[in-house]
Amino acid sequence: MVQFFLESERVTELVTHLKGQKPVFAPHRKGRKSFAFERVEDAADVVLDYPRVMHSIRKFFLPPRETLMTFDLAENDFSTADVQPSDAIFFGVHSYDLGAVHRLDYNLGKGHPEKNYITRRQGAVFVGVSFEPDAYHFCGSVGIDPMDTSGFDIFLTKLLDGYIVEALTEVGEQLLNGLDLPAHEAGKPARGNFQQHIYLPQAKLNEVMAKSYDNPVWAETAEKCVGCGTCNLVCPTCYCFNVEDTVNIQATGGTRDRHWDGCMLREFTGVAGGEVFREHLADRQRHRVFRKFKYISDETGQPWCVGCGRCTAYCTAGISIVNIVNRLVGDYEKVAVTPI
Amino acid sequence: MAKPRVAIFDFTGCEGCELNQLNFEDQLLDILAHVDIVEWREAMDGHADEYDIAFVEGSLSTPDCIKRIHEVRRKAKVLVALGACAVQGGINGVKNTHPIEEVREEVYGEDKYLFPTLPALAVSSVVKVDYNVRGCPMTQLEFLKVFTALVLGKEPIEPEHSVCVECKLKENECVYARGMICLGPVTRAGCDAHCPTVGQYCTGCRGLVPEPNLKAMEEILVEHGLNVDEAWKRLQLFNANEIEGVRS
Amino acid sequence: MNQFQMASPTEARDLYSPVMAVISKVEKMTELENLYTVVLPDGAELGHKPGQFIELSIFGVGEAPFSISSSPTHRGEFELGIRRVGMLTEVLNRMEVGQKVGIRGPFGNGIDIEQFKGRDVLIVAGGIGLVPMRSIINYVIDNPDDFGKLHIVYGSRTDEDLLFTEELARWEADPKIDYHVTVDRGSLDWKGKTGVITTLIPGLELDLEKTVCCVCGPPIMYRFALLALKSKGLPERNIFMSLERRMKCGVGKCGHCQINSTYVCQDGPVYHYPDIKSLQEAL
């Protein structure tokens, strides 16, 4: 595969070139120190050097809120919302976030393939960018490298003064056509070191998790937790949702909408009649972590956590999923080596 | 179907919630089309003998309030508390953190014996409240939800989760990342994270989530190097009744 | 990094749109429970297995899962036994015959009839748990050649809460059915047994190897019913149970009904007991 060199100053030119072909979504500054994927209006606003965005590109395929159908109360009838393929370029995506999209492809495609998600996934082009692991990233521990190009159409690897640009698919190559870039001869740079590590690979974690249901870490974590659900809502592999009807003020009709939900919220398992099946925060903490390292992992052999560090970085209480998992590993090993 | 008869009452409060009702410029006519308003001191004269829905604003803070609320409850099929004062006691509850005699002295001086006063109470601590519209002033969005539900003969559902959920759905930058105290993590959602969305912090006006982990909340403030005493004061501002005795 | 293959757009389906079906009959069973008969457009068959559920929606109110109470042998329509608890069922209670509701489904894993064929069938139903169990009971009654003996054990809070009373009388009178009923608290008129459902199990005359059992009831009941069945000597592999959880989608996406690794809407609501006995969140 041919590699090109793109000077830092020419990133805007690349974005403009792409924007001329399809809508481009890329990281922008948001607030004081946050970043968010937004549609590019001015190529100069795009930020390629960012630690993480609050919501991964999942928000374009499974939006935080979406209308499933509109209904008419007089007619007692409905029409399904028109869902269109995204047909856009997602520019500046980190490898773990594409890994998360692939996991959602599995969950939403499995059993009953969901039209809304799969339709929006059509025509999505991914342009990746490498990143320097910060204090929260640990994707190396779940098998995702910051320079992992798999699944991307184009990948940008950060150098000191610019980027190595690789077209990895035909679509990527075509998008780069007409852009005059010099070839990149030298090799790729060394990747940055992670500051966070999970001690064991998933194959071993399966054994650890199987013995961790009654670990005291769940109750201890619950003491620090306010149950706000942030960890669920920022997780790029979470896809649980709730559905609610809203009636307009004229009381003539309304919409049936779905929005992201989270298993850390108490009402998540509540049924009419008052029963709540995961009543305690400790139960919900365990469920959240098992959703990432046990339940789907037992089925697929893969961790369902992509190591983005969001649940820890955005947790106001500073609860670290890496610390929880390592604590389970430590306790498991202690028991494993203790003679009976 | 006959239109529901609606009555609106004010107790101890600033009447901001009621004014907020009048502020539904776009929807007011639609609202009025669904109901007959039979009693509303702020907008009309006269009294009614019974009503399907009573909206009650303000906390209960005098013996007269207690008498009146019993009467309202007797005449109303459904009673809805409007706004923080009615739902939790609201800002008036700050008074409850001081000895009642001191409060009377401070406010009325020599005439204090002319003004009997009680601790400011949530309406629900005296009579049964069927539904809440929370917030200071009451959240318009929630009022419309509760209102349309009642008009359609449905039961409005109150969210149990915190404001953080709504901030996340809107991808708001966390208020803590901006270095401010925010009560969002323990405050009941339903306002669509109004204040954090416009760059403010959450004041907790909608009351606490069920079973709030206030100890963890305190830890969060300490971890972020924020002033814990200041945070408790803010929490007290709208939730004095709810956190009474929680912090030793 | 492993990639997961996404389903192709041609396989994708609109999972959330209901079919509008007519309520053709409403029968009041108790103070809280009604039996609704529902007819799909053009009298289409629902095509369900006993033990499955549907999602019923009323626009402007919402959607919720309900067990199908009629047997697939009951053609041209289906029945839902619904307790009035919460907003949707309140509004449903006020609806009239001829009005339409949205139906999605059938969903979930019902009874695997093939596994039941040639066996004696024991139904243990507590309270509203009789609603899904009735689909199995009537299936067995309608296919007498396929099954051995039918035992029905039914417990209710009071005699006023007993569901399907006319059918209960028929089952009781049927010499081919071994029918037992008990109530926790009987009224003055109650002449039957009083006590919790598990008190009925020790006295049953069962062919233990030949009997398959299906249990459904309130969450608290399962553990005690299991204890009673096991001490009776019924092998675990002969026990099935139908579980209830919160559900929104019915198609394994929304996450609400998950019990440890299993989704009730996909792998349940009817589970083979050995498959869930190690799931801490199940019982």
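The values are calculated or read from the model by the stated rules, or taken from the named source; none is laboratory data. What you see is a predicted model, and the numbers here were worked out from it, not measured in a lab. Please note: Cβ atoms are built from the backbone with ideal geometry, for glycine as well, and neighbour counts cover all protein chains shown.
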Enumerated strands (runs of 3 or more DSSP E) restricted to segment C:192-283, each holding at least 2 residues that are among the β-branched types (Val, Ile, Thr): C:211-216
Count of residues meeting criterion [more than 7 Å from chain C (Cβ to nearest Cβ) and closer than 20 Å to A:Met54 by Cα] in segment A:94-116: 8
Single condition A:Val234 does not satisfy, out of (1) away from chain B (no Cβ under 14 Å); (2) in contact with a helix residue (DSSP H, G or I) (Cβ under 6 Å, 6 or more places away or on another chain); (3) crowded, with 20+ Cβ neighbours inside 10 Å: (1)
Within segment C:1-66, strands (runs of 3 or more DSSP E) holding 2 or more residues that are of a type in the set (Lys, Arg): C:19-28
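Please pick out the residue among B:Asp49, B:Asp45 that is within 20 Å of B:Ala2 (Cβ to Cβ), assigned to a loop (DSSP other than H, G, I, E, B), out of contact with any strand residue (DSSP E or B) (no Cβ under 6 Å at 6 or more places or on another chain) and not polar (S, T, N, Q). Let's see the steps before the verdict.
Details: B:Asp45 fails: within 20 Å of B:Ala2 (Cβ to Cβ).
Residue meeting the stated conditions: B:Asp49.
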Pick from segment C:83-140, criterion part of a loop (DSSP other than H, G, I, E, B) and of a type in the set (Gly, Ala, Ser), ranking: nearest to the other protein chains (Cβ to nearest Cβ): C:Gly86
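Being surrounded by 14 or more Cβ atoms within 10 Å (Cβ to Cβ) and more than 14 Å from every other protein chain (Cβ to nearest Cβ) narrows it down to one of A:Val83, A:Val2, A:Val53, A:Val46, so name that one.
A:Val46
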Total residues in segment B:175-204, condition in a loop (DSSP other than H, G, I, E, B) and among the hydrophobic types (A, V, I, L, M, F, W, C): 9
Residues of segment A:240-265 that turn out to be more than 7 Å from chain C (Cβ to nearest Cβ), surrounded by fewer than 21 Cβ atoms within 10 Å (Cβ to Cβ) and either in contact (Cβ under 8 Å) with a residue 12 or more places away in the chain or small (Gly, Ala, Ser) (or both), as a count: 6
2 or more residues among the hydroxyl-bearing types (Ser, Thr, Tyr): qualifying helices (runs of 4 or more DSSP H) within segment A:253-340: A:295-300
Residue that is surrounded by the fewest Cβ atoms within 10 Å (Cβ to Cβ), among those in segment B:205-228 that are outside any loop (DSSP other than H, G, I, E, B) and either more than 10 Å from chain A (Cβ to nearest Cβ) or in contact (Cβ under 8 Å) with a residue 12 or more places away in the chain (or both): B:Val222
Checklist (1) away from every other protein chain (no Cβ under 14 Å); (2) part of a strand (DSSP E or B) applied to A:Glu38, failing item: (1)
Residue in segment C:90-100 that is buried (at least 21 other Cβ atoms within 10 Å of the Cβ) and not assigned by TED's automatic domain parsing to the domain that holds C:Ser187 present: yes
Test result for C:Glu63, of a type in the set (D, E, K, R) and farther than 28 Å from A:Gly254 by Cα: no
Whichever residue in segment B:89-104 is in contact with a helix residue (DSSP H, G or I) (Cβ under 6 Å, 6 or more places away or on another chain) and either not in a helix (DSSP H, G or I) or not hydrophobic (A, V, I, L, M, F, W, C) (or both) and, among such residues, is farthest from B:Asn241 (Cα to Cα): B:Arg104
Residue list for segment C:141-157, filter: basic (Lys, Arg) and either part of a helix (DSSP H, G or I) or over 14 Å from C:Trp171 (Cβ atoms) (or both): C:Arg157
Members of segment B:137-180 found to be under 15 Å from B:Cys205 (Cβ atoms) and either touching a Pro at 6+ places or on another chain (Cβ under 8 Å) or modelled with pLDDT of 95 or more (or both), listed by number: B:Ser162, B:Val163, B:Glu166, B:Val175
Residue in segment C:243-264 that is more than 10 Å from chain A (Cβ to nearest Cβ), buried (at least 24 other Cβ atoms within 10 Å of the Cβ) and in contact with a strand residue (DSSP E or B) (Cβ under 6 Å, 6 or more places away or on another chain) present: no
Close pairs from segment B:229-248: first under 14 Å from B:Asn96 (Cβ atoms), partner in a helix (DSSP H, G or I) and basic (Lys, Arg), Cβ under 7 Å, at least 6 apart: none
Per-region count, segment B:161-178, residues within 7 Å of chain A (Cβ to nearest Cβ) and either surrounded by fewer than 19 Cβ atoms within 10 Å (Cβ to Cβ) or within 17 Å of A:Glu38 (Cβ to Cβ) (or both): 6
Residue within segment A:6-16 that is buried (at least 17 other Cβ atoms within 10 Å of the Cβ), outside any helix (DSSP H, G or I) and at pLDDT 95 or above present: yes
Counted residues, segment B:162-188 - those being under 21 Å from the mean Cα position of the chain (by Cα) and not hydrophobic (A, V, I, L, M, F, W, C): 6
Top-ranked residue of segment C:58-79 - restricted to ones that are among the charged types (D, E, K, R) and more than 7 Å from chain A (Cβ to nearest Cβ), ranked as surrounded by the most Cβ atoms within 10 Å (Cβ to Cβ): C:Glu79
Conditions (1) at negative phi; (2) at pLDDT below 95: number failed by A:Gly31: (1)
Qualifying residue in segment B:61-78 (condition: part of a strand (DSSP E or B), within 14 Å of another protein chain (Cβ to nearest Cβ), in contact (Cβ under 8 Å) with a residue 40 or more places away in the chain and not acidic (Asp, Glu)): yes
Residue in segment C:36-45 that is within 14 Å of chain A (Cβ to nearest Cβ) and in contact with a helix residue (DSSP H, G or I) (Cβ under 6 Å, 6 or more places away or on another chain) present: no
For A:Glu279: the one exception among (1) surrounded by fewer than 22 Cβ atoms within 10 Å (Cβ to Cβ); (2) in contact (Cβ under 8 Å) with a residue 60 or more places away in the chain: (2)
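Quick grid of which residues meet (1) in contact with a Ser or Thr (Cβ under 7 Å, 6 or more places away or on another chain); (2) within 14 Å of chain C (Cβ to nearest Cβ):
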position	(1), (2)
A:Phe290	no, yes
A:Trp304	yes, yes
A:Arg310	no, no
A:Ala313	no, no
A:Ala317	no, no
A:Ile321	yes, no
A:Val329	no, no
A:Glu333	no, no
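Is it the case that some residue within segment A:195-206 is in contact with a Pro (Cβ under 6 Å, 6 or more places away or on another chain) and at pLDDT below 95?
Yes, segment A:195-206 contains a residue that is in contact with a Pro (Cβ under 6 Å, 6 or more places away or on another chain) and at pLDDT below 95.
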